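Below is one structure; the comments refer to it alone.
Each reported figure results from applying straightforward, stated rules to the coordinates on display, with no laboratory input. Just so we're clear, the structure is a prediction, and the values are computed from it rather than from any experiment. As a convention, Cβ positions derive from the backbone with ideal geometry for all residues, glycine included, and neighbour counts pool all protein chains shown.
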2 protein chains.
Amino acid sequence: MSNAAPVPTRWKCVCAYDGTHFKGWQSQLGGGAVQDVLEKTLGRLLGVENLRIHGSGRTDSGVHAHGQVFHFDGNWRHGPDKLLVALRGSLPSTLQVKSARPVSSEFHARFGATGKTYCYHLHLGDADPFQRPFVWSVYRPLDLSRMEAAAAVLRGRHDFRAFSAVNGTERENTVRTLRRLSLQRRGRSLRITAEADGFLYKMVRSLVGALVSCGEGKLEVEQVRALLEGGTRTAAVHTAPPQGLFLMKVEYKKIAKGN
Amino acid sequence: MSNAAPVPTRWKCVCAYDGTHFKGWQSQLGGGAVQDVLEKTLGRLLGVENLRIHGSGRTDSGVHAHGQVFHFDGNWRHGPDKLLVALRGSLPSTLQVKSARPVSSEFHARFGATGKTYCYHLHLGDADPFQRPFVWSVYRPLDLSRMEAAAAVLRGRHDFRAFSAVNGTERENTVRTLRRLSLQRRGRSLRITAEADGFLYKMVRSLVGALVSCGEGKLEVEQVRALLEGGTRTAAVHTAPPQGLFLMKVEYKKIAKGN
């Protein structure tokens with residue numbers, strides 16, 4: 001037997017949030033980010049000062065999540081179910097930890113992610129008060145066949161620098177494989193689903209902005225191809241507003257059961 | 001030709017609101033009710049001080065609407081479509097006027113109503129952050145067959161005084177015809193639809209409270225029958241919380257086209 005402190009368990013958690021009133025995912029100096037609220041609440045429940053969580057990646061202010069993933073290291077002796085109940089009683093109603101389970105200390109929410117899925121919700125015309133915080137209302141008519149053609153150009157393995165907010169001088173690897181970029185229309189709702197091995201900063205909102213410009217006739221499908229090949233962002237690519245965007249799922253290779 | 005001011009047109013409007021942050025429908029001294037916001041906004045657009053609107057009835061603080069109806073008298077020379085666009089630009093995003101049309105001056109939103117439909121949304125277990133403002137989460141298991149049996153007792157023409165917040169000494173006519181009281185379950189969502197020629201104060205929330213108590217096994221179906229026949233509210237009837245309730249539709253006999 002040793003007198004050393006017990007090795008903390010690594011926990012993998014999945015959370016959902018209405019991003020409307022959060023200052024994005026990433027911790028802010030003045031607080032108010034999703035990460036700040038989770039760290040403060042988990043720290044209090046586990047009796048740890050300065051508890052740190054690690055998200056799969058940041059989401060911008062106003063962006064929502066159904067399946068954001070984070071991990072943290074800590075000692076909690078009462079099992080996952082009681083952790084979820086304790087969190088439910090402590091977190092604001094706009095933030096929910098949906099699952100929590102002990103995993104191998106090899107697991108890393110950010111570096112272990114092998115894929116992500118986002119959905120973006122458009123509304124054709126004026127949305128009602130219940131939908132407005134969660135859609136982008138587009139009032140001009142959209143030509144869906146042009147949007148489909150542009151999506152076909154964008155799918156696959158490309159350098160997506162022109163469709164991101166990555167600084168042109170950064171030497172970051174900006175090649176990603178966009179496995180899925182699809183449109184589903186239902187009545188006046190249009191959902192765009194994007195799935196990739198990873199996304200650059202503001203990439204989904206840039207892709208959606210470009211698709212909508214194509215649908216409105218402001219951008220040609222061939223211009224989309226030229227932008228992709230040119231690798232330089234221009235004023236032709238608009239960034240869709242944050243409130244329509246939802247992080248749906250983060251994938252990992254496989255997660256071993258905890259120690 | 002006369003020099004008198006033009007006779008104002010009566011307008012019938014249908015509106016939707018997320019009631020979370022409103023102080024109910026009915027005008028409050030300090031403002032903040034849906035009626036206050038509509039009166040202020042319409043008054044400004046029409047250039048009328050102290051414009052008054054007349055709703056089909058009040059909804060409590062926290063209750064939502066997809067189809068609340070109100071009328072007002074005023075002069076607007078640019079047609080219904082431009083009125084809707086002007087309102088969209090002026091109202092908060094949580095409040096929407098969905099339709100507006102000139103009607104006969106005989107039309108009255110409150111006194112002309114012949115029926116109303118409400119929906120109440122229950123969630124079986126913990127709801128996610130996007131549903132929470134719009135459901136009542138019930139954590140105990142519910143026996144739906146008991147709830148169905150209680151609903152069958154409540155349907156029809158009865159004195160609903162025991163299922164309202166009407167003061168026992170008031171001589172108000174408390175007989176109503178509950179044409180529909182039905183349950184629709186879909187996954188963990190349970191929707192209760194209530195349709196009647198009119199509802200007493202807090203009647204839908206009292207009916208829902210009683211149905212849930214029956215489902216939880218705290219109230220017997222025969223007790224529901226006895227309450228209905230006794231006509232006196234007791235502590236056995238709980239009022240369901242406001243956030244699950246939506247005013248869906250208000251019916252009128254027939255509305256003549258405006259002058």
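The magnitude of the dipole of the protein assembly as shown, with charges of +1 and -1 set on the Cβ of Lys/Arg and Asp/Glu and taken from the Cα centre, is near 600 debye.
With R₀ fixed at 51 Å, the C-beta to C-beta distance from B:Glu222 to A:Asp128 puts the FRET efficiency at about 0.75.
Annotation for A:Lys40 and A:Ala236: the two label points, set 7 Å from Cα along the Cα-Cβ direction, are 4.6 nm apart.
With the simple model of a label 7 Å out from the Cα in the direction of the Cβ, A:Val48 to A:Asn173 spans 3.0 nm. Positive-end ranking of B:Gln184, B:Leu46, B:Leu228 along the dipole of chain B, with charges on Cβ about the Cα centre, is headed by B:Leu46.
Excluding same-chain neighbours fewer than eight residues apart, the aspartates and glutamates reachable from B:Lys249 by a Cα-Cα span under 18 Å are A:Asp128, B:Asp18, B:Asp60, B:Glu195, B:Asp197.
Each copy carries B:Gly187; placing its label point 7 Å along the C-beta direction from Cα gives inter-copy distances of 1.7 nm, listed from smallest up. Here the Kirkwood formula, the inverse mean of 1/r across different C-alpha pairs, assigns the range B:9-111 a hydrodynamic radius of 13.5 Å.
As a length-normalised measure over Cα pairs under 8 Å and 6 or more apart, the relative contact order of the range B:9-111 settles at 43 percent. Here B:Leu45, A:Leu227 are placed in order of increasing Cβ neighbour count within 10 Å, fewest first, which gives B:Leu45, A:Leu227. Put a dot 7 Å past the Cα of B:Glu229, heading toward its Cβ, do the same for B:Asn75, and the two dots end up 6.2 nm apart.
Averaging the sequence gap over all C-alpha pairs within less than 8 Å and six or more residues apart, then dividing by the number of residues, gives chain A a relative contact order of 25 percent. Cross-link pairs exceeding 18 Å in C-alpha to C-alpha distance, out of B:Lys12/B:Lys82; B:Lys23/B:Lys82; B:Lys23/B:Lys116; A:Lys40/A:Lys253; A:Lys40/A:Lys254; A:Lys116/A:Lys202, comprise B:Lys23/B:Lys82; B:Lys23/B:Lys116; A:Lys40/A:Lys253; A:Lys40/A:Lys254. Listed from fewest to most Cβ neighbours within 10 Å, the set A:Phe107, B:Phe160, A:Phe163 follows the order A:Phe107, B:Phe160, A:Phe163. 3J(HN,Hα) couplings calculated from phi for the range A:70-76 with the Karplus curve 6.51 cos²θ - 1.76 cosθ + 1.60 (θ = phi - 60°) are, in sequence order, 9, 10, 8, 10, x, 9, 9 Hz; Gly and Pro show x. Centre-to-centre, using Cα atoms only, the range A:161-229 and the range A:1-59 are separated by 31 Å. In terms of surrounding Cβ atoms within a 10 Å radius of their Cβ, A:Lys202, A:Lys82 rank from fewest to most as A:Lys82, A:Lys202. For the range A:106-237, the relative contact order comes to 32 percent (Cα pairs under 8 Å, sequence separation of at least 6).
Extension gain for A:Gln26-A:Ala152 works out to 42.1 nm (0.36 nm per residue, less the C-alpha to C-alpha distance).
Across identical copies of the chain, B:Gly230 has label-point separations of 7.9 nm, listed in ascending order, with the point defined 7 angstrom from Cα along Cα→Cβ.
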